[in-house]
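Each remark here refers to the structure printed beneath this line.
The values are calculated or read from the model by the stated rules, or taken from the named source; none is laboratory data. Only a predicted model underlies this, so the values are computations on that prediction, with no experimental measurement involved. With ideal geometry, Cβ positions are generated from the backbone for all residues, glycine too; neighbour counts draw on all protein chains shown. Heads up: the accessible areas ignore ligands, DNA and RNA and are worked out on the full protein's heavy atoms, side chains in. Shrake-Rupley method; radii C 1.70, N 1.55, O 1.52, S 1.80 Å.
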Amino acid sequence: MDPEPDDTVVVGRIGRPHGVRGEVTVEVRTDDPDLRFAPGSVLRTDPAGRGPLTVVGHRWNGQVLLLALDGVVSREAAEELRNTELHVPVAELPPLEDDVFYDHQLVGLTARLPDGAELGTVDAVRHEGAELLVVRRVGGGELLVPFVTAIVPTVDLAGGSLVVDPPEGLLDL
(Lines give C-alpha, C1' and ligand atoms only; values in the text may rest on other atoms or scores of the structure.)
Protein backbone atom coordinates (compact mmCIF):
# COMPACT_ATOMS: atom_id res chain seq x y z
CA MET A 1 0.00 0.00 0.00
CA ASP A 2 2.22 2.85 -1.26
CA PRO A 3 1.29 6.34 -0.09
CA GLU A 4 -0.31 8.74 -2.52
CA PRO A 5 1.84 11.82 -3.31
CA ASP A 6 -0.50 14.03 -1.27
CA ASP A 7 -0.71 11.69 1.77
CA THR A 8 0.39 13.50 4.90
CA VAL A 9 0.41 12.90 8.64
CA VAL A 10 -0.16 15.40 11.41
CA VAL A 11 3.01 16.16 13.39
CA GLY A 12 1.65 19.05 15.46
CA ARG A 13 -0.95 21.72 15.99
CA ILE A 14 -0.18 25.38 16.57
CA GLY A 15 -1.47 26.71 19.87
CA ARG A 16 -1.31 30.17 21.36
CA PRO A 17 1.31 32.79 20.54
CA HIS A 18 4.30 33.10 22.87
CA GLY A 19 5.72 36.56 23.42
CA VAL A 20 5.51 39.47 20.98
CA ARG A 21 7.93 38.35 18.25
CA GLY A 22 5.75 35.76 16.53
CA GLU A 23 6.73 32.53 18.28
CA VAL A 24 3.99 29.93 18.58
CA THR A 25 3.43 27.05 20.96
CA VAL A 26 3.00 23.63 19.38
CA GLU A 27 1.03 20.63 20.54
CA VAL A 28 3.51 17.96 19.42
CA ARG A 29 2.17 14.85 17.68
CA THR A 30 5.40 13.23 16.57
CA ASP A 31 7.95 10.98 18.28
CA ASP A 32 10.90 13.06 17.08
CA PRO A 33 10.03 16.77 17.42
CA ASP A 34 13.66 17.95 17.28
CA LEU A 35 14.03 16.38 13.84
CA ARG A 36 10.54 17.17 12.54
CA PHE A 37 10.69 20.84 13.59
CA ALA A 38 14.36 21.47 12.80
CA PRO A 39 15.23 24.85 11.23
CA GLY A 40 14.62 24.68 7.50
CA SER A 41 11.79 22.14 7.79
CA VAL A 42 8.85 22.96 5.55
CA LEU A 43 5.48 21.99 6.98
CA ARG A 44 2.21 21.70 5.13
CA THR A 45 -0.84 23.12 6.87
CA ASP A 46 -4.52 22.47 7.37
CA PRO A 47 -6.12 24.75 6.39
CA ALA A 48 -3.80 24.73 3.37
CA GLY A 49 -4.08 28.50 2.85
CA ARG A 50 -2.02 29.14 5.99
CA GLY A 51 1.07 27.47 4.61
CA PRO A 52 3.38 25.99 3.82
CA LEU A 53 5.34 27.18 6.83
CA THR A 54 9.14 27.11 7.14
CA VAL A 55 10.68 26.62 10.58
CA VAL A 56 13.44 29.14 11.30
CA GLY A 57 13.97 28.14 14.91
CA HIS A 58 12.67 25.98 17.72
CA ARG A 59 13.30 25.76 21.42
CA TRP A 60 11.82 24.12 24.46
CA ASN A 61 10.27 26.16 27.25
CA GLY A 62 9.94 23.43 29.86
CA GLN A 63 7.68 20.83 28.26
CA VAL A 64 6.32 23.24 25.61
CA LEU A 65 7.80 23.43 22.13
CA LEU A 66 8.10 26.95 20.72
CA LEU A 67 8.53 27.55 16.99
CA ALA A 68 9.72 30.57 15.08
CA LEU A 69 8.31 30.52 11.55
CA ASP A 70 9.51 32.38 8.48
CA GLY A 71 7.49 35.57 7.98
CA VAL A 72 5.68 35.35 11.34
CA VAL A 73 7.17 38.25 13.28
CA SER A 74 4.35 39.55 15.49
CA ARG A 75 1.99 38.23 18.12
CA GLU A 76 -0.92 39.10 15.81
CA ALA A 77 0.52 37.05 12.93
CA ALA A 78 1.12 34.15 15.32
CA GLU A 79 -2.48 34.40 16.59
CA GLU A 80 -3.76 34.00 13.01
CA LEU A 81 -2.09 30.57 12.90
CA ARG A 82 -3.75 29.28 16.07
CA ASN A 83 -5.27 25.78 15.63
CA THR A 84 -3.42 25.19 12.34
CA GLU A 85 -2.45 21.54 11.94
CA LEU A 86 1.11 20.92 10.77
CA HIS A 87 1.63 18.06 8.31
CA VAL A 88 4.53 16.27 6.62
CA PRO A 89 4.33 13.96 3.60
CA VAL A 90 4.14 10.27 4.47
CA ALA A 91 6.98 9.66 2.00
CA GLU A 92 9.31 11.71 4.25
CA LEU A 93 8.74 9.51 7.30
CA PRO A 94 11.59 7.18 8.24
CA PRO A 95 10.95 3.44 8.01
CA LEU A 96 9.96 1.74 11.25
CA GLU A 97 11.06 -1.52 12.82
CA ASP A 98 8.93 -4.61 12.31
CA ASP A 99 5.74 -4.64 14.42
CA VAL A 100 5.85 -0.84 14.88
CA PHE A 101 3.32 1.26 12.99
CA TYR A 102 2.45 4.85 12.28
CA ASP A 103 -1.08 5.80 13.29
CA HIS A 104 -2.07 6.50 9.69
CA GLN A 105 -1.18 2.91 8.77
CA LEU A 106 -3.65 1.52 11.31
CA VAL A 107 -6.56 3.87 10.65
CA GLY A 108 -8.93 2.31 8.14
CA LEU A 109 -7.90 -1.30 8.80
CA THR A 110 -10.69 -3.83 9.30
CA ALA A 111 -10.65 -5.26 12.83
CA ARG A 112 -11.47 -8.98 12.86
CA LEU A 113 -11.91 -11.51 15.66
CA PRO A 114 -9.67 -14.61 15.64
CA ASP A 115 -12.46 -16.59 13.92
CA GLY A 116 -12.49 -14.05 11.04
CA ALA A 117 -15.72 -12.30 12.05
CA GLU A 118 -15.62 -8.57 11.34
CA LEU A 119 -15.57 -6.46 14.49
CA GLY A 120 -15.38 -3.04 12.81
CA THR A 121 -12.94 -0.50 11.40
CA VAL A 122 -10.08 1.29 13.13
CA ASP A 123 -11.19 4.94 13.26
CA ALA A 124 -8.30 6.45 15.21
CA VAL A 125 -5.38 5.76 17.51
CA ARG A 126 -5.30 7.42 20.92
CA HIS A 127 -2.14 7.93 22.94
CA GLU A 128 -3.30 8.17 26.53
CA GLY A 129 -0.49 6.59 28.48
CA ALA A 130 -1.08 3.46 26.41
CA GLU A 131 -1.95 3.21 22.75
CA LEU A 132 -5.63 2.54 22.17
CA LEU A 133 -7.27 1.66 18.87
CA VAL A 134 -10.66 3.29 18.43
CA VAL A 135 -12.75 0.70 16.56
CA ARG A 136 -16.05 1.76 14.98
CA ARG A 137 -18.13 -1.40 15.54
CA VAL A 138 -20.10 -3.02 12.74
CA GLY A 139 -23.38 -2.74 14.67
CA GLY A 140 -22.68 0.84 15.75
CA GLY A 141 -20.82 2.27 18.67
CA GLU A 142 -17.16 2.52 19.51
CA LEU A 143 -14.75 0.12 21.17
CA LEU A 144 -11.37 1.05 22.69
CA VAL A 145 -8.83 -1.74 22.19
CA PRO A 146 -5.44 -1.63 23.92
CA PHE A 147 -2.85 -1.91 21.14
CA VAL A 148 -0.68 -4.61 22.69
CA THR A 149 0.46 -7.88 21.14
CA ALA A 150 -1.57 -9.99 23.59
CA ILE A 151 -4.82 -8.39 22.34
CA VAL A 152 -3.83 -7.45 18.76
CA PRO A 153 -1.55 -10.34 17.76
CA THR A 154 -1.69 -9.74 14.00
CA VAL A 155 -1.51 -6.60 11.85
CA ASP A 156 -1.71 -7.23 8.11
CA LEU A 157 -1.17 -3.88 6.37
CA ALA A 158 -1.12 -5.44 2.90
CA GLY A 159 -4.38 -7.29 3.61
CA GLY A 160 -5.97 -4.23 5.23
CA SER A 161 -6.85 -5.89 8.52
CA LEU A 162 -5.80 -6.73 12.03
CA VAL A 163 -6.88 -9.39 14.50
CA VAL A 164 -8.34 -8.48 17.89
CA ASP A 165 -8.24 -11.34 20.41
CA PRO A 166 -10.22 -9.68 23.20
CA PRO A 167 -9.90 -10.68 26.84
CA GLU A 168 -13.14 -11.63 28.54
CA GLY A 169 -15.44 -8.64 28.94
CA LEU A 170 -13.68 -6.27 26.48
CA LEU A 171 -16.43 -6.54 23.87
CA ASP A 172 -19.08 -5.80 26.52
CA LEU A 173 -17.68 -2.37 27.34
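Please verify whether the range 61-84 includes one or more residues that are within 30 Å of ASP156 (Cα to Cα) and of a type in the set (Asp, Glu). Within the range 61-84 (the criterion being within 30 Å of ASP156 (Cα to Cα) and of a type in the set (Asp, Glu)), the answer is no, since none of the residues qualifies.
Within the range 101-121, take every residue that is within 26 Å of VAL42 (Cα to Cα) and part of a loop (DSSP other than H, G, I, E, B) and give me the one that is modelled with the lowest pLDDT. So, considering only residues that are within 26 Å of VAL42 (Cα to Cα) and part of a loop (DSSP other than H, G, I, E, B), the one modelled with the lowest pLDDT is TYR102. Annotation: PRO94 fulfils all but one of (1) touching a strand residue (DSSP E or B) at 6+ places or on another chain (Cβ under 8 Å); (2) part of a loop (DSSP other than H, G, I, E, B); the unmet one is (1). Just so you know, in the range 122-131 the residues that are open to solvent by 50 Å² or more (accessible area, probe 1.4 Å) and either at pLDDT 90 or above or not small (Gly, Ala, Ser) (or both) include one that is farthest from ALA150 (Cα to Cα), and it is ASP123.
Would a scan of the range 90-102 turn up a residue that is over 19 Å from the mean Cα position of the chain (by Cα), open to solvent by 70 Å² or more (accessible area, probe 1.4 Å) and in contact (Cβ under 8 Å) with a residue 60 or more places away in the chain? No, that holds for no residue.
When you scan the range 132-158, how many residues do you find that are more than 16 Å from ASP99 (Cβ to Cβ) and either charged (D, E, K, R) or open to solvent by 50 Å² or more (accessible area, probe 1.4 Å) (or both)? Matching residues across the range 132-158 total 6. Kindly provide the set of residues from the range 16-33 that are of a type outside the set (Ser, Thr, Tyr) and either in a loop (DSSP other than H, G, I, E, B) or open to solvent by 80 Å² or more (accessible area, probe 1.4 Å) (or both), ordered by number. Matches in the range 16-33: ARG16, GLY19, VAL20, ARG21, GLY22, ARG29, ASP31, ASP32.
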